[in-house]
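Scroll down for the structure; my scribbles are underneath it.
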DNA sequence: ATTTTTGCAAATCATTTGCATATAT
DNA sequence: ATATATGCAAATGATTTGCAAAAAT
């Protein structure tokens with residue numbers, strides 16, 4: 001497991017070759033995402049934009065997030081409370097361990113999970129086409145800092 | 001993997017011993033849930049109630065779902081499109097394979113997954129407190145019936 | 001020049017809340 | 001009798017949409 005990368009230039013770079021236009025508003029959203037440590041909601045970015053990028057429209061933020069998600073530059077996650085959030089991620093990794101202390105997302109190597117899913121299919125005849133795994137807990141440094149785990153968590 | 005049970009009496013029974021009151025509106029919601037095959041949204045139940053249980057209030061449906069979820073009689077799932085839905089489930093199982101053809105939920109034995117999560121913790125020092133796994137695909141009978149998988153699914 | 005993207009305001013959709021009334025224990 | 005739960009309508013919050021103007025190719 002490695003810390004998820006800072007996005008930003010990467011987002012901009014990826015946009016270049018994508019056939020979508022590299023616009024100023026999209027740059028602004030990419031920059032805000034790059035500046036974030038952990039997960040964030042659309043509302044977070046909209047709030048930030050109010051100060052740092054006035055004139056950036058609400059709808060534009062949603063549209064940029066949707067675009068980035070479709071390019072797998074950002075992934076949508078559902079926090080335990082049901083809130084929709086996003087994390088920046090490498091294009092090839094698709095699972096995250098999210099720290100409930102600091103909100104940071106860590107990429108998870110999912111080889112073991114792939115095997116588990118394959119076994120499910122083998123045993124039952126269910127043909128798995130997609131899955132979503134979200135892991136919540138405390139990263140090593142939040143544990144060291146004595147941050148408490150979320151209340152109400154069932155043990156994994 | 002076994003097909004998730006029909007809830008209903010089970011919901012009512014569980015309510016009995018829970019310290020919460022067994023009311024007519026809660027019965028109505030339990031009955032509607034029992035009559036469902038697959039996943040459903042709050043809006044689905046509210047629509048159904050319009051015909052079958054007039055006078056049942058919108059807020060009451062949300063409150064009943066929240067209560068059932070807190071008792072682990074129903075689980076909230078996030079469909080691939082981000083929609084919030086629910087499935088009836090046994091109190092001890094906590095993962096589902098959801099068929100994108102018929103919407104039914106199947107309980108998944110998660111022993112292998114538990115091992116995978118434990119391995120993640122061991123390797124990285126991340127302390128896992130909660131996780132969410134949602135598996136989407138086609139059940140055996142939908143495959144047999146020739147139902148096509150969802151477009152846009154990344155292979156698991 | 002042409003197509004894509006934007007900002008805005010309004011529309012839509014999902015969910016929650018306040019509160020007086022009704023109901024289960 | 002008393003605490004809990006309900007229905008309603010209004011409030012809130014999140015996300016989407018229509019469309020004319022602006023920006024990128």
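The values are calculated or read from the model by the stated rules, or taken from the named source; none is laboratory data. What you see is a predicted model; the values in this text were computed from it and never measured. Cβ: placed from backbone, ideal geometry, glycine included. Neighbour counts: every protein chain shown.
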For the range A:38-55, which residues satisfy the criterion of being modelled with pLDDT of 95 or more and closer than 25 Å to residue A:78 by Cα? A:40, A:41, A:42, A:43, A:44, A:45, A:46, A:47, A:48, A:49
Could you say whether any residue in the range B:67-89 is within 11 Å of DNA strand D (Cβ to nearest atom), without any contact (Cβ under 8 Å) to a residue 24 or more places away in the chain and within 25 Å of residue B:138 (Cβ to Cβ)? yes
Conditions: (1) at pLDDT below 85; (2) more than 7 Å from chain A (Cβ to nearest Cβ). Residue B:117 meets all but one. Number of the miss? (2)
Within the set of pairs 6 or more residues apart or between chains, which connect a residue that is under 10 Å from residue B:28 (Cα atoms) inside the range B:43-61 to a residue that is within 12 Å of DNA strand D (Cβ to nearest atom) and in a loop (DSSP other than H, G, I, E, B) with Cβ atoms less than 8 Å apart? B:49/B:56
Any idea which of (1) more than 13 Å from DNA strand C (Cβ to nearest atom); (2) under 10 Å from the mean Cα position of the chain (by Cα) is the one residue B:31 doesn't satisfy? (2)
Select from the range B:57-66 the residues that are surrounded by fewer than 20 Cβ atoms within 10 Å (Cβ to Cβ) and within 13 Å of chain A (Cβ to nearest Cβ) and write down the one among them that is farthest from DNA strand C (Cβ to nearest atom). B:66
Odd one out for residue A:42, checked against (1) surrounded by 14 or more Cβ atoms within 10 Å (Cβ to Cβ); (2) within 13 Å of DNA strand D (Cβ to nearest atom); (3) more than 14 Å from every other protein chain (Cβ to nearest Cβ); (4) farther than 30 Å from residue A:114 by Cβ: (3)
All but one of (1) more than 9 Å from DNA strand C (Cβ to nearest atom); (2) loosely packed, with under 13 Cβ neighbours inside 10 Å; (3) over 18 Å from the mean Cα position of the chain (by Cα) hold for residue A:112; state the number of the condition that does not hold. (2)
Could you pull out the residue among B:11, B:117 that is buried (at least 20 other Cβ atoms within 10 Å of the Cβ), away from DNA strand D (no atom under 11 Å from the Cβ) and farther than 30 Å from residue B:143 by Cβ? B:11
When you scan the range A:67-91, how many residues do you find that are more than 10 Å from DNA strand C (Cβ to nearest atom) and either within 12 Å of chain B (Cβ to nearest Cβ) or at positive phi (or both)? 14
Those residues that are more than 7 Å from chain A (Cβ to nearest Cβ), surrounded by fewer than 18 Cβ atoms within 10 Å (Cβ to Cβ) and at pLDDT 90 or above, I need them from the range B:121-156; list them, please. B:141, B:144, B:145, B:146, B:147
So which residues in the range B:38-55 are more than 14 Å from the chain's Cα centre (by Cα) and within 12 Å of DNA strand C (Cβ to nearest atom)? B:43, B:46, B:47, B:55
